[in-house]
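Inspection log for the structure reproduced underneath, given as structure tokens.
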Amino acid sequence: MIALIQPSKLSGIITAPSSKSSMQRACAAALLKQGKSIIRNPGQSNDDKAALDIIQKLGAGVQVSSDEIIVNGNGVHPVESEINCGESGLGIRMFTPIIALSNKEITITGEGSLMSRPMNFFDTFFPKLGISIETNEGKLPIKIKGPLKPTTIEVDGSMSSQFITGLLMAYSSAGAKGVSIKVRDLKSKPYIDLTLGVMKKFRMNVPENRNYEEFIFRSDYSKVFPVGGDLEGAYTVESDWSSAAFLLVAGSIAGPITIRGLDLTSSQADKKIVDVLMSANAAIAIEAKGIKIRPAKMNAFEFDATDCPDLFPPLAVLAAYCNGVSTLYGVHRLVSKESNRAIALQEELGKMGIRIEMIDDEMKIYGDGDVKSANVHSHHDHRIAMTCAVAALKAKGETVIESAEAINKSYPDFFWHLKKLGAAVSLPHKNFLHE
């Protein structure tokens, strides 16, 4: 799909989409929990759909409506021998330890860029947990056979916290007692907070968190977190700060707009976008009914995005419209995404006249607001597609984005939402279904 973006002025109110990080964790917890769970404000992205497909293949009953999903869970009882995680990095890392709770041999595969992303950590740790595993030289597809046997292990958390999320949930469901998961150099700590929060809401055995260095499963958890019974009320999926970051940056260069639905008390790491916007002197106001943002003269900024690497793409655009050289730290976190995002940002924004340099673990963006129109490519990466679209809002001429359908992975309504706010967006050969 090709998207055409003309320079535009935005105005209006939009509600941020549902968080796939929150949604996928809720799906996993609902699968593992005994009985009925209600998930409200469900996401509609490809990653969300993949999670629902996974839990059904693992034995959960799922009823889907427009505003809620009812899941009848009973633990992991696979009804198929192959599980496809789509292109979801969280899905493959979180669900694989959960799938390993079964004593059946299961083949796990995926699609697109997920097929080339490294999965060596499974080879390293699964044998220690009594799980047999065969991989394709450290990549998908992989074949596993459990059941997982919880024991005290130490894992490296420097590349991703998602595998640890899966271990925490799997240990809890397996009735882990008197054992712990020790973690070295954990990144993305806020997402572990999100995981623990979901586990608590679904009445799972929540381990004691010792400064993110050790998670201890005690033997008396049932006295604090009762097992069984329906979820009290329902779990409401949070709005997504990762997607909203693109809207906030769009508002800062082409607004004014108001974004509703975002929770400033959320555990999501990407709520740090608010701090960065303030640091850049953006015209942002946090009010009871939403976050208002409009264009202003903005200055260069520095930000360590190690714990929130998904902010790199929208912040690269923000920096391009600031005066001066902005610096982002944590480039190593961008290598194993849907694309190598550091290279993709440098190449595609470079076509638009935005100069980006990489120096060791730093990304320097030279900003002056002089952004050109260009023909760019998403690299089949949802965040690169949205990056180019936001950058195009004040470019000098029409921007053409190839493989723009990549947005469906996380934010399928992205172009529609831009259009609703007044952006001149055209998708040749595709109608806006909401019109």
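Calculate how steeply helix 20-32 sits against the longest principal axis of the alpha-carbon atoms of the chain, using the helix alpha-carbon long axis, and give the answer as 0 to 90 degrees to the nearest 10.
Tilt relative to the chain: about 10 degrees.
For Met159, Met94, which order do you get if you count the other beta carbons within 10 Å of each Cβ and list the fewest first?
Met159, Met94
Checking the table Lys187/Lys364; Lys297/Lys337; Lys289/Lys419 against a 27 Å threshold on Cα-Cα, which pairs fail?
Lys297/Lys337
What does the charge count near Ser160 come to, summing +1 for each Lys or Arg and -1 for each Asp or Glu among other residues with Cβ under 11 Å from its Cβ?
With Lys, Arg at +1 and Asp, Glu at -1, the net is +4.
Ordered by residue, what ³J(HN,Hα) values in Hz, to whole numbers, does the range 202-208 give under the Karplus form 6.51 cos²θ - 1.76 cosθ + 1.60, where θ = phi - 60° and Gly and Pro are x?
8, 6, 7, 6, 8, x, 6
With θ set to phi - 60° and the Karplus curve 6.51 cos²θ - 1.76 cosθ + 1.60, what are the ³J(HN,Hα) couplings of the range 118-129 in order, to the nearest whole Hz, using x for Gly and Pro?
x, 10, 4, 4, 5, 4, 6, 9, 4, x, 5, 9
Could you line up Ser188, Ser132, Ser19 from fewest to most neighbouring Cβ atoms inside 10 Å?
The order, fewest Cβ neighbours first, is Ser132, Ser188, Ser19.
Only four residue types carry charge here, +1 at the Cβ of Lys and Arg and -1 at the Cβ of Asp and Glu. Report the dipole size of the range 20-231 about the Cα centre in Debye, rounded to the nearest 20.
It works out to roughly 560 debye.
Compare the peptides 100-109, 353-362 by average per-residue count of other Cβ atoms within 10 angstrom and give them in order, highest first.
Most protected by this proxy first, the peptides run 100-109, 353-362.
Can you tell me which aspartates and glutamates have their Cα less than 20 Å from the Cα of Lys201? Leave out same-chain residues fewer than eight positions away.
Correct list for Lys201: Asp48, Asp67, Glu68, Asp193, Asp220, Asp230, Glu232, Glu238, Asp240, Asp263.
So how far, in whole Å, is the C-alpha centre of the range 165-208 from the one of the range 373-387?
35 Å
If you look at just the Cα atoms of the chain, how large are its Rg and its Dmax in Å?
Using the Cα atoms of the chain, the pair Rg, Dmax is 21.5, 64 Å.
Where the centroid of each part is defined by its Cα atoms, how far is the range 239-277 from the range 75-111 in Å?
32 Å
Show that you can apply the helix-only estimate: for the chain, add -39,500 (n - 2.57) for every DSSP H stretch of four or more residues, divide by all residues, and state [θ] at 222 nm to the nearest 500.
-8500 deg cm²/dmol
FYI, it's all coordinate maths here, none of it is from the lab. If you're wondering where the values come from, they're calculated on a predicted model, not measured in any experiment. Ideal geometry is used to build each Cβ from the backbone, glycine not excepted, and the neighbour counts take in all protein chains shown.
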